[in-house]
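First the structure, in the form of structure tokens, and then the observations on it.
The values are calculated or read from the model by the stated rules, or taken from the named source; none is laboratory data. Treat the numbers as computed from the prediction; the structure is a model and nothing was measured. In this analysis, Cβ positions are derived from the backbone assuming ideal geometry, glycine residues included, and neighbour counts consider all displayed protein chains. Side chains included, ligands, DNA and RNA excluded: accessible areas come from the protein's heavy atoms. Shrake-Rupley method; radii C 1.70, N 1.55, O 1.52, S 1.80 Å.
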Amino acid sequence: MGPRGTGSGWPLAGTVLVAVATSLVAGGEDCLWYVDRNGSWHPGFDCDFFSFCCGTCHQRYCCRDPLRLLTERQQRHCLAF
């Protein structure tokens, strides 16, 4: 197949680009409350504009790296488990 055949990475790359752009525009993403690995409760906190919640289910912090973004949806998923 040619360069536009199946298996091309362009649809995935476009999806990632849109997700990154959306997260940058939606800066100020909040970190919801969480429980760390030791069972200690941590209150939620806001991130500054152009930064967002990053980390894992058990450790959260604000950052500007879109590859480390932890969306509020992902955070709520952590709470369920």
Between Trp33 and Arg73, with labels modelled 7 Å along Cα→Cβ, what's the label distance in nm to one decimal, could you check?
-> 2.4 nm
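Out of the total accessible area of the range 29-79 (probe 1.4 Å, heavy atoms of protein only), what percent is carbon and sulfur? Numbers along the way, then the final one.
On the way: 1800 of 3500 Å².
Carbon-and-sulfur percentage of accessible area, whole number: 51.
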